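Notes to accompany the following structure.
The values are calculated or read from the model by the stated rules, or taken from the named source; none is laboratory data. Keep in mind that what you see is a predicted model, and the values were worked out from it rather than measured. Because the Cβ atoms are built from the backbone with ideal geometry, glycine has one as well, and the counts that use them run over all protein chains shown. Each accessible area value is taken on the protein alone, full model and side chains, heavy atoms only, with ligands, DNA and RNA left out. Shrake-Rupley method; radii C 1.70, N 1.55, O 1.52, S 1.80 Å.
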Amino acid sequence: MTTTPKCTHLVSLGSPEEAADQIKQLLGLGCNTLKADSDLCCTNLEPLANSLVNPSAADVENIFSVSLDLTNQDQKDKEQYIKNKFKEFSQNNRRLLDSYLWVEISDMGKVVVVGRTTIRYNDLLKKYTFPLGDTAKALAEYYHLQQDTTEHYVEQINQKIAGAVIIPVKANSEFPLDDTHYISKVETQIGEQIVRAYGAINASSHTSY
């Protein structure tokens, strides 16, 4: 039997829009910090520092947020919004995967879970239902919901979700566009960066790689 690890620190990122800004900053730092260090300029350490800088697989510039109401069965408007955003990115000559990462945000601004899905499937938009998975159980425990088997119990869990941050992933010429190994690796790396920085109510989902 597996248990969901409890996260000892949880940082509030505010609204989904504010969370997107903070995650942009976090992931953007990964490839810019060393390059911006003026102390390295024109020294023999500058080439070494530049060689250690690995640009993020995330398309940091185009990270965006979406509000969610998981108590509503019809999420077609949200689904279309996400598709339109990716269509816009592709028109700007960005080579992105059909798969993307998402960071679910609670009504208290906390990271709930980091996951991945595809533009076509969009399991980000699926309601939590019975039987409860690890994330739903972690949410119920975090919010001290009294466990039962009624639909109202599940609705209480769904009400705790305010939105999500969508992280487009850049294609890598070394991997096919539909390579699940690559997107799993990216999910683990970026998910770990986010969870280490902010914590997560379900802190283990992204580690399936």
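Would you check which residues across segment 143-198 are over 19 Å from Asp123 (Cβ atoms) and touching a strand residue (DSSP E or B) at 6+ places or on another chain (Cβ under 7 Å) and list them?
Lys170, Ala171, Leu177, Val195, Tyr198
Residues of segment 194-204 being open to solvent by 30 Å² or more (accessible area, probe 1.4 Å) and either modelled with pLDDT under 85 or outside any helix (DSSP H, G or I) (or both), which ones?
Passing the criteria: only Ser204.
Does segment 95-108 contain any residue that is surrounded by 13 or more Cβ atoms within 10 Å (Cβ to Cβ) and basic (Lys, Arg)?
no
Give me the helices (runs of 4 or more DSSP H) completely within segment 1-117, filtered to those with at least 2 residues that are modelled with pLDDT of 90 or more and touching a helix residue (DSSP H, G or I) at 6+ places or on another chain (Cβ under 9 Å), ordered by residue number.
16-32, 76-91
Would you confirm, using the coordinates I've provided, whether Tyr121 is among the hydroxyl-bearing types (Ser, Thr, Tyr), surrounded by fewer than 19 Cβ atoms within 10 Å (Cβ to Cβ) and more than 17 Å from the chain's Cα centre (by Cα)?
For Tyr121, the condition - among the hydroxyl-bearing types (Ser, Thr, Tyr), surrounded by fewer than 19 Cβ atoms within 10 Å (Cβ to Cβ) and more than 17 Å from the chain's Cα centre (by Cα) - is not met.
Keeping to segment 142-155, report how many residues are in contact (Cβ under 8 Å) with a residue 12 or more places away in the chain and either among the aromatic types (Phe, Trp, Tyr) or open to solvent by 50 Å² or more (accessible area, probe 1.4 Å) (or both).
So the answer is 4.
Looking at (1) open to solvent by less than 50 Å² (accessible area, probe 1.4 Å); (2) under 18 Å from Ala164 (Cα atoms), which is the one condition that is false for Gly133?
For Gly133, the failing item is (2).
Name the residues in segment 157-193 that are part of a loop (DSSP other than H, G, I, E, B) and either farther than 14 Å from Arg95 by Cβ or open to solvent by 60 Å² or more (accessible area, probe 1.4 Å) (or both), would you?
Within segment 157-193, Gln159, Lys160, Ser173, Glu174, Pro176, Leu177, Asp178 meet the criteria.
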